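Input: a single structure, listed below in structure tokens.
The values are calculated or read from the model by the stated rules, or taken from the named source; none is laboratory data. These numbers were taken from a predicted model, which means no experiment stands behind them. For neighbour counting, all protein chains shown are included, and Cβ atoms are generated from backbone atoms with ideal geometry for every residue, glycine included. Ligands, DNA and RNA are excluded from the accessible area calculation, which covers all protein heavy atoms including side chains. Shrake-Rupley method; radii C 1.70, N 1.55, O 1.52, S 1.80 Å.
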Amino acid sequence: MAAKVDKEKCTGCGICVDECPVEAIKLVDDKIVIDEDACTECGQCVDACPNESIKLQ
Ligand code: SF4
Ligand code: SF4
């Protein structure tokens, strides 16, 4: 399991990038890339996203 981003919904605002305590989220060309191996499933990015674009699955 890891955080997954819904690319249709994500606006590329970058809030989740700053929120992740293990720096598992990066913005690449305005798209979110999540390092699934680094993700600890803490859920902070899920709570931080204003559009509910990230889910733990
Ligand atoms: S669930 Fe936590 S560790 Fe995983 S990407 Fe989101 S903020 Fe980072
Ligand atoms: S906080 Fe949500 S909308 Fe903003 S970049 Fe992250 S996933 Fe996309």
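Here are a few things to note about the model shown:
- Neighbour-limited loop hits for trypsin sites (Lys or Arg not before Pro), the chain (at most 16 other Cβ within 10 Å; DSSP other than H, G, I, E, B): Lys7, Lys9
- Take every pair of alpha-carbon atoms less than 8 Å apart whose residues are at least six positions apart; their mean separation over the length of region 3-56 yields a relative contact order of 46 percent.
- Spin-label model distance (nm) - Lys9 vs Gln57, 7 Å beyond Cα toward Cβ: 1.0
- Rounded percent of accessible protein surface that carbon and sulfur make up, region 3-56, 1.4 Å probe: 45
- Farthest toward positive dipole pole in the chain [+1 Lys/Arg, -1 Asp/Glu at C-beta], among Cys16, Ser53, Ile32: Ser53
- Spatially, region 36-52 and region 4-24 are offset by 7 Å when compared through their Cα centroids.
- Relative to its residue count, the chain spans a Cα convex hull of 65 Å³ per residue.
- Each Lys or Arg adds one and each Asp or Glu subtracts one; over the other residues with Cβ under 10 Å from the Cβ of Lys4, this totals 0.
- For the chain, Cys10, Cys13, Cys20, Cys39, Cys42, Cys49 stand unpaired, since no other cysteine beta carbon lies under 4.7 Å from theirs.
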